[in-house]
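Nothing in this text is a laboratory measurement; each read-out follows from the coordinates by a stated rule. Values in this document were obtained by computation on a predicted structure and should not be read as measured data. Neighbour counts run over all protein chains shown; Cβ positions are idealised from the backbone, glycine included.
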Amino acid sequence: MNVLAAHWVLEHRCRGEADAYAIRTPLGWTLVGQVSSQNQRKVCVDCINEGDHLTDRLEALWASEFNESTVLGKSTSARDKQVLKTLESSTRFLSCQFEAPLPWKDGYLSLSNKRSIARKYFSRLMTRLMRHSDLKESYVEVMSR
């Protein structure tokens, strides 16, 4: 999916015209420009702002996505409560990443006939691509990489 809003420049910082500069997008900070003219090695830098704690961001995400009080004043359904219970009991932190279970509907956990399901989705995809030539071109471009 092409999301133009992800490329909006919210803030930028630069020293001079010939120097590399930093831009902040909704996805975070990015360094743009030449890093070193003398050294041709690849450079990879991960920058974490000390005021930007990952745990705080994850808790804020959890609170905004899964907190019952943020569901626009509507009561949470039994299905939502079941999913929340599964997420709360089964989400784990493993070697610097979180692992969460997929919220399957009851009865859908075992996919007995995967081939027929895959063929059905493939058929729907082909029909959609035939109707929308621009979508087909984008799909072919991405799948050719």
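The local environment of Arg13, defined by Cβ-Cβ distances under 11 Å, has a net charge of 0 under the rule Lys, Arg +1 and Asp, Glu -1. Spacing of the modelled spin labels on Asp134 and Leu31, each 7 Å from Cα toward Cβ, amounts to 3.8 nm.
Quick one: if the Förster radius is 22 Å, what FRET efficiency do Ala5 and Ser95 give, using the C-beta to C-beta distance and rounding to 0.05? Numbers along the way, then the final one.
On the way: r = 32 Å, r/R0 = 1.46.
Approximately 0.10, to the nearest 0.05.
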